[in-house]
Structures are given as structure tokens and as C-alpha cells.
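The values are calculated or read from the model by the stated rules, or taken from the named source; none is laboratory data. Since we're looking at a predicted model, the values are computed, not measured. No Cβ is skipped: glycine too gets one built from the backbone with ideal geometry, and neighbour counts run over all protein chains shown.
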């Protein structure tokens with residue numbers, strides 16, 4: 001059902017407020033008995049008519065209507081009030097007042113060095129603040145400026161990143177440092193467009209660096225900001241869809257007060273991290289609760305919509321542990337692309353369905369390393385979860401009955417006590433620890 005408001009001051013226009021989930025403007029229509037939705041005198045009206053007072057104002061999200069028109073299936077994004085620029089300005093002011101007393105202390109917020117801010121923003125992609133802290137300090141102690149990072153060996157960069165995960169970030173950061181030195185005179189670019197051209201820097205990361213390091217009035221849309229903006233304006237629909245994301249970016253940009261890009265970006269991040277939580281948001285503590293459309297409509301638990309849970313696959317991985325007389329362990333470098341690209345690991349492969357662990361390991365060594373292995377005993381089991389799958393790593397102490405282990409590029413020996421510059425995946429590092437513990441090292 002829809003409600004038609006007719007102005008008492010003017011009969012030349014009308015506004016239809018749909019009782020569906022969103023709020024949309026209707027087309028202007030001439031006054032008169034032939035207007036759609038109202039029959040001629042004596043006829044039955046199919047919509048309620050309510051007098052419209054000229055002082056009563058409703059602000060509509062123009063972009064939502066354009067997305068609704070012609071939508072071809074899927075969830076239609078909807079947005080609720082407030083849309084009044086003055087209301088948005090009050091929201092921004094309230095957010096900044098809250099941030100002045102609630103800002104979280106972080107080492108990278110104590111600097112305006114663009115390089116350090118670049119490093120922190122790359123590390124913070126898909127990683128919690130408390131996890132990043134020690135890695136940030138350790139990384140900068142090894143690579144204090146962009147020139148040092150650019151001329152470093154990839155292995156050294158990966159070693160400094162070891163344990164933080166998502167290693168493509170380290171590889172991209174290393175490449176970005178080289179581009180900054182070669183094309184920008186070793187100065188981190190200050191515009192969103194130039195930052196976004198760097199490897200591993202998307203639109204939101206570019207906006208965060210531009211805002212935090214250079215004070216640009218650039219919007220952001222990381223995971224926290226996406227959730228805050230969606231709830232604040234009651235934007236429904238999958239936040240990862242193109243239609244909804246376009247609305248989110250537009251709303252995020254409106255929140256940025258002129259000259260307050262840095263504080264706005266940090267405030268939105270913090271609000272999403274400590275108040276506007278993914279589960280059980282703390283609405284009673286929120287400085288924007290009286291202006292939040294989702295809170296006022298009781299939608300905070302359904303916006304953004306929950307994604308359907310996916311079954312996380314599990315794999316049994318068999319690893320060969322070749323140990324020299326001095327205790328050194330044989331490692332091989334993984335291909336440069338992929339989840340763990342460029343890291344060093346035990347020679348390992350996936351067990352095939354119906355295959356025993358030992359048979360799977362023999363097959364892998366025969367096909368990949370061209371050696372016939374003698375499996376001596378099991379030395380450890382490690383269970384680990386990556387972002388898209390889980391593994392159980394089964395380590396077996398092995399010898400070779402025929403053939404020699406490969407040597408040269410892409411192979412190496414981890415010293416007996418585990419020192420060196422080899423960066424290992426976490427599961428392999430845990431297996432090393434088990435082996436050393438068994439050997440009393």
C-alpha cells in the first residue's frame with residue numbers, strides 16, 4: 001500500500017512514499033481529477049489522501065531510485081533517511097566529537113610519514129589491529145624507508161612478514177616500493193588515483209592513505225566503514241554488489257566534512273571496530289544512534305545481510321622431512337603466485353581420495369621430485385586453517401632409496417636450530433617446532 005500526500009499550498013506536484021522497504025520519489029504529475037491513483041469525483045480512491053503541510057519536509061535518496069529502475073533480479077538495494085545535507089552534517093559533527101575522546105591509540109597514527117602509513121594500511125587489510133602492531137614495528141626496523149624496502153631481496157621482505165599471512169600483500173608492497181622509487185622520486189604519491197595505481201592498493205586503501213597521510217577529503221569503504229555506512233543510512237542488499245557498493249561510496253563521501261578527511265576516515269574505522277560491531281552492535285553506546293536509520297527502524301542486526309555460510313574444505317597434506325646429519329631440514333620454494341607464493345616449505349602434496357598417507361607421499365615424491373623415498377616414521381601432525389580451506393599436515397621423516405634431492409635455485413636447507421632467512425608458512429613452521437622439540441633443540 002502507498003500513501004499519497006497532497007499539498008495544501010500547491011496542487012501541481014505530489015510525492016508518493018512507498019511502504020516497501022525503500023523510500024523513492026515519484027514522478028511529477030499535473031493536478032486534476034485524472035491523476036493516477038485518484039478517480040473522478042464520485043469515484044473510489046485507491047490511495048489514502050492526506051493533507052500536506054508545506055513546512056513538512058522529506059529528503060529522498062536520488063541514487064536509490066535510479067538503481068531500483070531496471071534492476072534485473074537479485075536484491076534491490078534500498079536506503080533510508082537521513083538524506084538532508086544538514087542532517088548529514090550533524091551526523092559528521094557528532095562522529096568527530098566522539099572521535100576526539102574515543103580514538104584508539106596506534107603507533108601509525110602518531111606519524112604523518114606517508115611511507116609508514118602506507119605500510120600500516122597494507123598490513124591492516126583483512127588483519128586485526130592488535131595483530132598488526134608488533135609486525136609493523138619489526139617491519140619498519142628492517143625497512144625504515146621506501147628506498148630500503150625497494151632494494152631489499154624478496155626473501156627478506158617475506159621473512160619480515162612471516163606469520164602475518166596473506167603474503168601477496170608483502171609481495172605487492174615490495175613491488176609498490178620499487179614503483180614509488182622509480183616513478184615518484186621515492187615519495188609516496190598523494191592522490192587517490194596515483195595511489196590506486198600501485199600494486200595491492202585498492203580504492204579504499206588509497207582513500208585511507210590519502211586522507212590519513214595527506215589530509216585529503218577522500219572517502220573510505222573498508223569492512224568497518226562499509227558496515228557503519230550501510231546501517232547509518234539503512235542501505236539493504238549485498239554490500240559487495242555493484243549497485244549497493246555505488247550507494248555506499250556516495251554516502252561515505254557525504255560524511256566527509258571539508259578539511260576533515262583524516263579524522264573522518266579514522267573515526268569511521270574506530271566506530272565500526274568498537275561500537276558498530278558485526279554481531280551485537282552496541283547501539284546504546286553509539287554517538288549516532290538517534291540519527292541512525294537502521295537503529296530507529298530496528299534493522300541493525302539485519303544490515304548488512306548475513307552471507308550464507310560456506311562449507312570450508314579440508315585437505316590432508318603429506319610432507320617429507322629430509323634431515324641431514326647436521327640437523328638441517330630440506331626445503332623448497334613455493335611458486336611465486338598463489339596464497340603462499342614465494343614461501344619456503346617442506347616438499348608436500350595433497351593425499352588423493354582412498355589413498356593412504358604413506359602412499360600419497362611416495363607418489364608425490366616420485367612424480368614431483370623424481371626420487372624413491374624410504375618413509376621412516378611420522379614426526380608430527382599440524383592442523384591449520386587458512387582463509388578458504390583447512391589442512392592437516394602430516395610430516396614423515398624420510399630418506400632416499402633411489403635418486404637425489406634437487407639442488408640449486410628454489411631449494412635450500414634450514415639450519416638445525418631454525419635460524420636463517422627462510423620465510424615458512426605457519427603450518428610448516430609449527431612442524432619445524434615439533435621436530436626440534438622431539439630432538440631436544
Legend entry - Lone unmet requirement of (1) assigned by TED's automatic domain parsing to the domain that holds residue 392; (2) in contact (Cβ under 8 Å) with a residue 24 or more places away in the chain for residue 271: (1)
Legend entry - Hits in the stretch 383-411 - residues which are at positive phi and surrounded by 12 or more Cβ atoms within 10 Å (Cβ to Cβ): 403, 410
Inset, instruction - Taking residue 248 as meeting all but one of (1) crowded, with 20+ Cβ neighbours inside 10 Å; (2) closer than 21 Å to residue 259 by Cβ, write down the number of the exception. - result: (2)
Inset, instruction - Only one of these is out of contact with any helix residue (DSSP H, G or I) (no Cβ under 8 Å at 6 or more places or on another chain) and modelled with pLDDT under 95: 183, 257, 240, 175. Name it. - result: 240
Inset, instruction - Taking the options 299, 340, name whichever one is under 30 Å from residue 101 (Cα atoms) and in a loop (DSSP other than H, G, I, E, B). - result: 299
Legend entry - residue 375 vs. criteria over 30 Å from residue 168 (Cβ atoms), assigned by TED's automatic domain parsing to the domain that holds residue 356 and in contact with a helix residue (DSSP H, G or I) (Cβ under 7 Å, 6 or more places away or on another chain): yes
Legend entry - Checklist (1) closer than 14 Å to residue 320 by Cα; (2) assigned to a strand (DSSP E or B) applied to residue 367, failing item: (2)
Legend entry - Candidate set: the stretch 354-377, residues that are closer than 14 Å to residue 316 by Cβ and surrounded by fewer than 14 Cβ atoms within 10 Å (Cβ to Cβ); chosen: the one modelled with the lowest pLDDT: 354
